Amino acid sequence: MFNALYLEQTSDKRTTARLQALDDAALPTFDARGVAVDIAFSTLNYKDCLAITGKSPVVRKWPMVPGIDFAGTVSASDDPRWQPGDAVILNGWGVGESHWGGLAQKARVSGDWLVRRPEALSAFEAMAIGTAGYTAMLCVLALERRGVQPGQGEILVTGASGGVGSFAVSLLARRGFQVVASTGKAGEAGYLQALGATEVIDRATLAAPGKPLQKERWAGVVDSVGSHTLANACAGTRYGGTVAACGLAQGMELPLTVAPFILRGVALVGVDSVMAPLALRTEAWSRLAAEVDRGAIAAIASRIGLAEALEAAPRLLAGAVRGRLVVDVQR
Ligand code: NDP
């Protein structure tokens, strides 16, 4: 038996969530690719909170064990690429949405979905980084691939005090970029400066409808917010600059014009962590292992237990959580 968060849907389509003891035999099977993992740590991501609260229909099958990421150790494997004792990380692939996920002490997943945990990262560190830090690194890679380099100008990071934002600020600052952090939490200015932001701006300056073209300021943008914020970020991006869009904390809509693209050659690049190919994941995790600031991990991550994740979910959706919540599934 093992403990897991367990989501069910009522007949009137409400989500119920509780801590539940489950039988190992209930774990899903994956034919010749199945890998059983003893989970050490998972995290509480924005998407997990949508699943747990039922606020958005991210769960595709019921009942569901939420948790879009985990770090753990292989306990048994039908996949010849994985052996018992291997240290692994999983991010995405519909785990916690269509397949039972990481907010549990055990999982069984396809061997195709696992990444070998770099030796330089402990399981705790890997999940302190989690899907948020991995997505932040995918955004950094997206900017770099379009030629954005330190010295070209300021990089805007929106949703800066959140999980993706905090890691984006830290990773970019460590690579020598000049980072401007946009936040709704004035009280977190010191935290963001400690992560490496050279300037902290009020997100209200970006959150309302703005002009289609604005003063050219940003050489690059990492946006986890969407909506008017992303539209204003594009409108304020310098000639040839790149905007990496990965989130929708403000909203899914994107009310912008083509002006930044056709008059300034701005590129809007979508970043997806869920179905990203293995080679890109491996590159992102290896860069994270080499570049992540251990001090930043300590500042960004706090530790909670499985049951505590239930009450933390609505707080995170309300934007009231700073940084990342790492879930110790044994607690
Ligand atoms: P968090 O909740 O940790 O951070 C989101 C941050 O956005 C908040 O801390 C807040 O930062 C800001 N924010 C919240 N509400 C609003 C609002 N109404 N208007 C403007 N800003 C707001 O979430 P994550 O960092 O984990 O994820 C951020 C986004 O990225 C989410 O939408 C998530 O779904 C998405 N995501 C996408 C991935 C992908 O593969 N594309 C992977 C991971 C996440 P502040 O107070 O500093 O402004």
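The values are calculated or read from the model by the stated rules, or taken from the named source; none is laboratory data. Source: prediction; values computed, not measured. Using ideal geometry, Cβ is built from the backbone for each residue, glycine included, and neighbour counts are taken over all protein chains shown. Ligands, DNA and RNA are excluded from the accessible area calculation, which covers all protein heavy atoms including side chains. Shrake-Rupley method; radii C 1.70, N 1.55, O 1.52, S 1.80 Å.
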Check: If you plug each phi of segment 116-121 into the Karplus form 6.51 cos²θ - 1.76 cosθ + 1.60 with θ = phi - 60°, what whole-Hz ³J(HN,Hα) values come out, in order, with x for Gly and Pro?
Finding: 5, 6, x, 4, 6, 10
Margin query: How large are Rg and Dmax for segment 151-199 when calculated on the C-alpha trace, in angstrom?
Written below: 9.4, 29
Next item on the list: With a probe of 1.4 Å, find how much accessible area segment 131-270 has per residue, and write the answer as a whole number in Å².
Entry: 39 Å²
Note to self: Using only alpha-carbon positions, what ratio does the radius of gyration of segment 52-210 give when scaled by 2.2 N^0.38 Å?
What the structure shows: 1.22
Notebook entry, point to check: Direction-averaged shadow area of the convex hull around the Cα atoms of segment 131-270, nm²?
Noted result: 7.0 nm²
Item checked: Per-peptide average of other Cβ atoms within 10 Å, ordering 100-113, 246-259 highest first -> 100-113, 246-259
Next item on the list: Mind grabbing the accessible area of T242 for me, 1.4 Å probe, Å², rounded to tens?
Entry: 0 Å²
Next item on the list: For G251, list long-range residues whose amide hydrogen, built 1.01 Å from N in the peptide plane, is under 5 Å from its own amide hydrogen.
Entry: S227
Notebook entry, point to check: T198 to R60: extension gain in nm, 0.36 nm per residue of separation minus the Cα-Cα distance?
Noted result: 45.5 nm
Next item on the list: Using only the alpha-carbon atoms of segment 26-111, report the extent along each of the three principal axes, biggest first, to the nearest angstrom.
Entry: 39, 24, 19
Notebook entry, point to check: Suppose every K and R has +1 on its Cβ and every D and E has -1 on its Cβ; what is the size of the dipole of the chain about the Cα centre, in Debye to the nearest 20?
Noted result: 700 debye
Note to self: Taking the Kirkwood radius as the inverse of the mean 1/r across Cα pairs, report the Rg/Rh of segment 247-287.
What the structure shows: 1.12
Margin query: Compute the distance from the alpha-carbon center of segment 108-174 to that of segment 221-247, in whole Å.
Written below: 17 Å
Checklist line | Residue-by-residue Karplus 3J(HN,Hα) for segment 134-142, coefficients 6.51, -1.76, 1.60, Hz, glycine and proline x | finding: 5, 5, 4, 5, 4, 5, 4, 4, 5
Check: Percent of accessible area on the chain owned by carbon and sulfur, 1.4 Å probe?
Finding: 53 percent
Next item on the list: Show that you can apply the helix-only estimate: for the chain, add -39,500 (n - 2.57) for every DSSP H stretch of four or more residues, divide by all residues, and state [θ] at 222 nm to the nearest 500.
Entry: -9000 deg cm²/dmol
Margin query: Along the Cα→Cβ direction, 7 angstrom out, place labels at A307 and R18. What is the inter-label distance in nm?
Written below: 1.3 nm
Next item on the list: Keeping all protein chains in position, work out how much accessible area D272 exposes to a 1.4 Å probe, and write it in Å² to the nearest 10.
Entry: 80 Å²
Checklist line | Scattering profile of the chain at q = 0.07, 0.08, 0.09, 0.14 Å⁻¹ [log10 I(q)/I(0), Debye over alpha-carbon scatterers] | finding: -0.27, -0.36, -0.45, -1.05
Check: Of K106/K185; K61/K106; K185/K211; K47/K106; K185/K215, which ones are farther than 27 Å apart at the Cα?
Finding: K106/K185
Item checked: Surface accessible to a 1.4 Å probe, K61 within the full protein complex, Å² -> 110 Å²
Check: Got a sec to turn the phi values of segment 82-90 into Karplus ³J(HN,Hα) couplings, 6.51 cos²θ - 1.76 cosθ + 1.60 with θ = phi - 60°, whole Hz, x for Gly and Pro?
Finding: 10, 10, x, x, 5, 8, 10, 10, 10
